[in-house]
Amino acid sequence: MPNDNKPGYVTTGNVFADLGFPPQKALAAQFKAVILSAILDEIRRRKYAQSRLVEILDEHQPVISNLLRGKISKMSIEKLLIYAHRLGLTLEIRKVRKPQRRPRAA
């Protein structure tokens, strides 16, 4: 009987890279997803209705709808940062070095 608990695919840690996005686009999409997640968490925490978000974010209703549905392809990083600021969020970026691979001894 096969082991059903064995993962079928091991991810690199960046789903966008795993989907075949070029490295720069994968990084940008991952960054946008992190910002969007923080925004959506804050919206849920404050229990904002779409009509209130139209006022706070100074956007049209269809844009707010796209935001709430997580359609990050329709938004720029800059726009997401503006929304975060208008919601009173402070985002922090930290520099983290990836561990370097050591060459294998022959």
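Just so it is clear, none of the values below were taken in a lab; they were calculated from the coordinates. Keep in mind it's a predicted model, so treat the numbers as computed, not measured. Cβ: placed from backbone, ideal geometry, glycine included. Neighbour counts: every protein chain shown.
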(message) Let me spell it out: the conditions are (1) outside any helix (DSSP H, G or I); (2) touching a Lys or Arg at 6+ places or on another chain (Cβ under 6 Å), and GLU59 meets all of them except one. Which number is the exception?
(response) (2)
(request) Report, by residue number, each residue of the stretch 40-56 that is touching a residue at least 24 places away in the same chain (Cβ under 8 Å) and either over 16 Å from HIS85 (Cβ atoms) or in contact with a Lys or Arg (Cβ under 6 Å, 6 or more places away or on another chain) (or both). (result) ILE56
(message) Of all residues being crowded, with 17+ Cβ neighbours inside 10 Å and of a type in the set (Val, Ile, Thr) in the stretch 64-81, which is nearest to LYS25 (Cα to Cα)? Just the residue, please.
(response) ILE72
(message) Please pick out the residue among ALA38, ALA33, ALA84, ALA49 that is aliphatic (A, V, I, L, M) and loosely packed, with under 14 Cβ neighbours inside 10 Å.
(response) ALA49
